[in-house]
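The values are calculated or read from the model by the stated rules, or taken from the named source; none is laboratory data. Model, not experiment: these values are computed from the prediction. Every residue, glycine among them, receives a Cβ derived from its backbone with ideal geometry; neighbour counts consider all protein chains shown. Each accessible area value is taken on the protein alone, full model and side chains, heavy atoms only, with ligands, DNA and RNA left out. Shrake-Rupley method; radii C 1.70, N 1.55, O 1.52, S 1.80 Å.
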Amino acid sequence: MLVLFETAAGYAIFKVLDEQKLQQVDSLWKEFETPEKANKVVKLKHFEKFQDTTEALAAATAMVEGKLGKSLKKVLKKVVAKEAHEQLAITDAKLGGVIKEKLNLSCVHSPAVAELMRGIRNQMEGLITGLPAREISAMSLGLAHSLSRYKLKFSPDKVDTMIVQAICLLDDLDKELNNYIMRCREWYGWHFPELGKIITDNLAYCKSVRKIGDRTNVASMDLSEILPEEIEAEVKLAAEISMGTEVSEEDIANIMHLCDQVIEISEYRTQLYDYLKNRMMAIAPNLTVMVGELVGARLISHAGSLLNLAKHPASTVQILGAEKALFRALKTRRDTPKYGLIYHASLVGQTTAKNKGKISRMLAAKTALAIRYDALGEDTNAEMGVENRAKLEARLRYLEEKGIRRISGSGKALARADKYQHKSDVKVYDPSGDSTLPTVSKKRKIEELAEGEEEEKPVEAKAKKVKREAPTEGEAETEPPKKKKKKEKKKAEEESKPEEEETAVSPAEETTKKKEKKRAAEAEPKEEEEEAAVSPAEETTEKKKKKKKKVKEDD
């Protein structure tokens with residue numbers, strides 16, 4: 001029986017000298033108490049040393065995954081194939097199945113073999129000649145480190161774990177900076193509250209506080225390196241009339257120390273952002289072109305690694321980061337979210353609210369391709385990302401212009417979109433709605449107005465006629481002839497006016513005039529009756545006057 005034993009230095013093949021001892025499993029460990037006893041049980045037949053750590057790592061990973069490596073295959077063909085009739089003892093049953101399938105060798109795996117392997121490992125230095133103990137330990141340590149790096153997916157070429165750590169640290173720095181700056185503004189605001197309103201930039205505020213210290217020093221300070229001239233003049237003016245309280249030198253020293261911390265963290269944040277940008281362009285150039293450094297890094301961080309992100313379909317990439325909203329929508333049977341972390345990409349941000357869902361879906365589809373190309377492709381250029389982004393931008397322009405397109409006679413042409421101007425219509429209150437009386441048609445209203453005017457005119461005529469027809473005898477004798485002529489002229493003018501109006505009247509008004517004539521004809525007999533009623537009264541008044549005159553003459 002042959003035994004395949006794997007070490008960090010290489011593959012060793014031993015020949016079992018006494019197979020009967022393998023049957024005594026419980027007492028087998030006694031045969032490996034010393035190197036001399038071990039040499040009586042097994043003997044080294046061949047040792048294949050690894051050339052470097054890379055080969056050792058490849059062999060170890062193949063062994064862990066249950067695969068037949070190149071170096072192992074070479075050893076088995078060289079040594080074991082010569083003695084094909086003998087069995088091969090191995091530690092892994094899965095590996096034995098692969099060897100049997102490919103090389104047609106009978107493999108054995110049993111508790112006795114496991115105990116034998118334990119004994120060989122215990123006396124390895126004595127059994128394998130020509131290999132110093134220091135070299136074995138050094139190679140074991142190197143292989144252990146390499147294997148742990150492989151298991152942790154730590155590759156010096158594509159270090160996506162560095163991106164995950166960098167983006168997490170960047171977010172933490174932003175939170176800490178906000179807290180520190182808020183504390184600094186509030187603290188120094190007790191001494192110089194006007195400065196916070198004048199300087200809005202946080203970094204410039206901390207640098208100004210660091211340089212100013214006590215507000216009484218502002219007049220003699222030169223802040224031109226930090227602030228523009230206008231703001232500097234405003235700060236100096238505000239310092240003279242500040243409402244802040246006086247603080248001690250120790251308080252100012254602590255505030256300045258806090259400002260130093262803020263400035264240092266801000267500088268480190270900019271440095272970290274540059275590092276993240278460079279790493280993203282090195283590891284995932286196409287993803288960076290599609291969605292940007294920060295969004296790409298957050299996607300990788302959320303998925304765990306670039307390879308895990310490459311396994312996700314486009315629909316998952318689209319809503320990655322919005323899992324809570326997704327499951328809440330599924331639970332309440334409402335609309336699922338259209339975007340997650342991808343919402344912060346520049347392409348989605350510059351679209352209108354109506355087209356954000358469409359663009360995020362298309363961007364997620366192209367981003368999924370870019371991620372797979374970066375994770376699994378051999379090239380490190382960003383040509384595919386640039387090409388896909390150009391397509392998306394063209395599609396975005398089409399969607400934005402789609403709303404203002406119209407079809408003309410020859411084909412599609414852009415419609416003129418006038419600038420929108422908001423016009424506010426001021427509605428005046430209509431009081432006619434308050435009336436509870438029934439409404440009257442316009443024609444009827446016109447007729448009523450015409451009737452009212454006609455009724456007014458005859459009354460005036462009646463009064464005039466009464467005055468003219470019933471003058472006293474004294475007045476009739478004294479009235480001069482000039483007045484009579486004037487009255488005759490007025491009558492002639494009044495008679496001529498109706499004739500002119502009749503000529504100017506339209507045929508639509510002729511019907512109304514006919515009605516007026518009928519009413520006038522009916523009114524004439526009434527006037528005659530009134531005149532008849534008036535004349536006897538006048539006669540009685542005349543008789544009374546004559547009687548009075550006679551009485552006076554007699555006196």
- Message: Spelling out what I want: for every residue of segment 131-146, take phi, set θ = phi - 60°, compute 6.51 cos²θ - 1.76 cosθ + 1.60 (Karplus), and round to whole Hz; glycine and proline get x.
- Response: 10, x, 5, 5, 5, 5, 5, 5, 5, 5, 5, x, 5, 4, 5, 5
- Message: Given axes a ≥ b ≥ c from the Cα gyration tensor, I'd like to know whether segment 2-152 is rounded (a/c under 1.5), prolate (a/b larger than b/c) or oblate.
- Response: oblate
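Averaged per residue, what accessible surface does segment 161-273 expose to a 1.4 Å probe, in Å²? Don't skip to the end; give the middle numbers.
On the way: 6640 Å² over 113 residues.
In whole numbers, segment 161-273 has 59 Å² accessible per residue.
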- Item | Amide H contacts under 5 Å for H46, placed H, 5+ residues apart | I13
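For a 31 Å ceiling on Cα separation, which of these pairs sit above it: K43/K74; K331/K358; K207/K324; K21/K78; K277/K331? Could you put the intermediate results ahead of the total?
Working: K43/K74 21 Å; K331/K358 24 Å; K207/K324 41 Å; K21/K78 28 Å; K277/K331 39 Å.
Among K43/K74; K331/K358; K207/K324; K21/K78; K277/K331, the Cα-Cα distance tops 31 Å for K207/K324; K277/K331.
Structure shown: which of K311/K402; K175/K311; K70/K102 lie over 24 Å apart, alpha-carbon to alpha-carbon?
On the way: K311/K402 35 Å; K175/K311 32 Å; K70/K102 12 Å.
Going by Cα-Cα distance, K311/K402; K175/K311 fall outside the 24 Å limit.
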- Return the long-range amide H neighbours of V108 (sequence gap of 5 or more, or a different chain), with a cut-off of under 5 Å between placed amide H atoms. L88, A89, I90
- For I226, distant residues with modelled amide H under 5 Å away: none
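At a 1.4 Å probe, what is the % contribution of carbon and sulfur to the accessible area of segment 296-376? Kindly include the intermediate steps, with their values, before the conclusion.
Details: 2380 of 4380 Å².
That share works out to 54 percent.
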- Enumerate the calculated ³J(HN,Hα) couplings along segment 18-26 in order (Karplus 6.51 cos²θ - 1.76 cosθ + 1.60, θ = phi - 60°), each rounded to whole Hz, writing x wherever the residue is Gly or Pro. 10, 6, 5, 5, 5, 6, 8, 5, 5
- Task: Can you pull the one-decimal nm distance between simple spin-label points at R121 and K175, each 7 Å off the Cα toward Cβ?
- Result: 4.4
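Could you tell me what percent of the accessible area of segment 161-273 is made up of carbon and sulfur, with a 1.4 Å probe and every protein chain present? Each step should come with its number before you reach the end.
Working: 3510 of 6640 Å².
Taking all protein chains in place, segment 161-273 shows 53 percent carbon and sulfur surface.
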- Task: Obtain the nm distance between the two label points defined at K102 and L17 by a simple spin-label model: each point lies 7 Å from its Cα along the Cα-to-C-beta direction.
- Result: 3.3
- Query: Once Lys and Arg get +1 and Asp and Glu get -1 on their Cβ, which of T352, V291, L396 lies farthest toward the positive end of the dipole of segment 281-401?
  - Reply: T352
- How much area per residue is accessible in segment 2-152 when the probe is 1.4 Å and only protein heavy atoms are counted (Å²)? 57
- Estimated dipole of segment 161-273 in Debye, rounded to 20 [Cβ of Lys and Arg +1, of Asp and Glu -1, Cα centre]: 220
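Whole number in Å², please: accessible area per residue of segment 281-401, 1.4 Å probe, ligands, DNA and RNA not counted.
Details: 6400 Å² over 121 residues.
I get 53 Å² per residue for this part.
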- Task: Calculate the translational D of segment 161-273 in whole µm² s⁻¹ from Stokes-Einstein, where the hydrodynamic radius comes from the Kirkwood formula applied to all Cα pairs, the temperature is 20 °C and the viscosity 1.002 mPa s.
- Result: 144
